[in-house]
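Single-structure report; data block below.
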Amino acid sequence: MDSTMEGMLETYLFETNDLLDKLDEMLMKDEQEGDFSTDDVNEIFRIMHTIKGSSAMMEFTSISVIAHKIEDLFFVIRDKGIDFLKPQDKKDLFDLMFRSEDYLRGEVEKVEQGEELNQDTSDFEKTIADFLVRIQKDEEESEEEEKSPAKAPAYEANDKAKETAPSSS
């Protein structure tokens with residue numbers, strides 16, 4: 001490896017590890033608080049965008065692909081607002097993000113050790129995609145529930161029936 005590539009690799013590793021450290025700090029703080037802040041949603045999106053781009057430039061496909069999938073997920077969350085997620089979805093998002101961080105760190109460690117990166121990211125990509133589909137489906141169901149006319153309670157219907165029934169007196 002020539003000195004230019006070596007310098008680029010050192011810069012990449014330093015910046016990517018720094019971004020993953022920031023991500024870890026945010027996730028730990030947000031998990032303790034039980035929610036993601038809007039600023040942290042935006043920051044996670046930016047972190048993944050940066051990792052995706054720099055990894056693609058360095059041809060670290062497995063890192064770039066997973067960062068891109070997380071970026072896509074946070075694009076949706078950023079667009080809709082974190083509060084569109086149900087409480088269980090938020091818990092699952094924390095789990096997914098910690099798994100993602102572990103995955104990315106593991107791949108970066110392989111780069112540092114000169115080992116071959118994961119060639120097949122399809123299972124993890126599917127996990128992220130399935131989560132995205134689920135939260136979008138949950139949102140659609142919530143919107144449908146809000147739009148559907150509320151059923152009148154049974155006692156109101158009975159009172160109206162009594163009012164319109166001919167009186168026996």
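The values are calculated or read from the model by the stated rules, or taken from the named source; none is laboratory data. Treat the numbers as computed from the prediction; the structure is a model and nothing was measured. Positions of Cβ are generated from backbone atoms using ideal geometry, with glycine treated the same way; all protein chains shown enter the neighbour counts. These area figures cover heavy atoms from the full protein model, side chains too; ligands, DNA and RNA do not enter into them. Shrake-Rupley method; radii C 1.70, N 1.55, O 1.52, S 1.80 Å.
Residue count for the range 72-95 satisfying the condition of being in contact with a Phe, Trp or Tyr (Cβ under 8 Å, 6 or more places away or on another chain) and open to solvent by 10 Å² or more (accessible area, probe 1.4 Å): 5.
Listed by first and then second residue, the pairs with beta-carbon distance under 7 Å, at least 6 apart or on different chains, first residue in the range 28-49 and open to solvent by less than 50 Å² (accessible area, probe 1.4 Å), second part of a loop (DSSP other than H, G, I, E, B) and not hydroxyl-bearing (S, T, Y), are D30/F36. Do we find that D159 is open to solvent by less than 50 Å² (accessible area, probe 1.4 Å), at pLDDT below 95 and farther than 22 Å from E43 by Cβ in this structure? Judged against the criteria, D159 is not a match.
Please verify whether A129 is assigned to a helix (DSSP H, G or I), surrounded by 10 or more Cβ atoms within 10 Å (Cβ to Cβ) and at pLDDT 95 or above, treating the condition exactly as stated. Criteria met by A129.
Scanning the range 107-122 for residues that are within 27 Å of D40 (Cα to Cα) and either aliphatic (A, V, I, L, M) or open to solvent by less than 30 Å² (accessible area, probe 1.4 Å) (or both) yields E107, V108, T121. Among the residues of the range 99-111, are any within 20 Å of L9 (Cβ to Cβ) and of a type in the set (K, R)? Within the range 99-111, one or more residues are within 20 Å of L9 (Cβ to Cβ) and of a type in the set (K, R). Checking the conditions here, which among M48, M97, M57 is aliphatic (A, V, I, L, M) and over 23 Å from A129 (Cβ atoms)? M57 is the lone residue from the list that is aliphatic (A, V, I, L, M) and over 23 Å from A129 (Cβ atoms).
F14 fulfils the conditions (1) open to solvent by 80 Å² or more (accessible area, probe 1.4 Å); (2) in contact with a Lys or Arg (Cβ under 7 Å, 6 or more places away or on another chain) except for a single criterion, (2).
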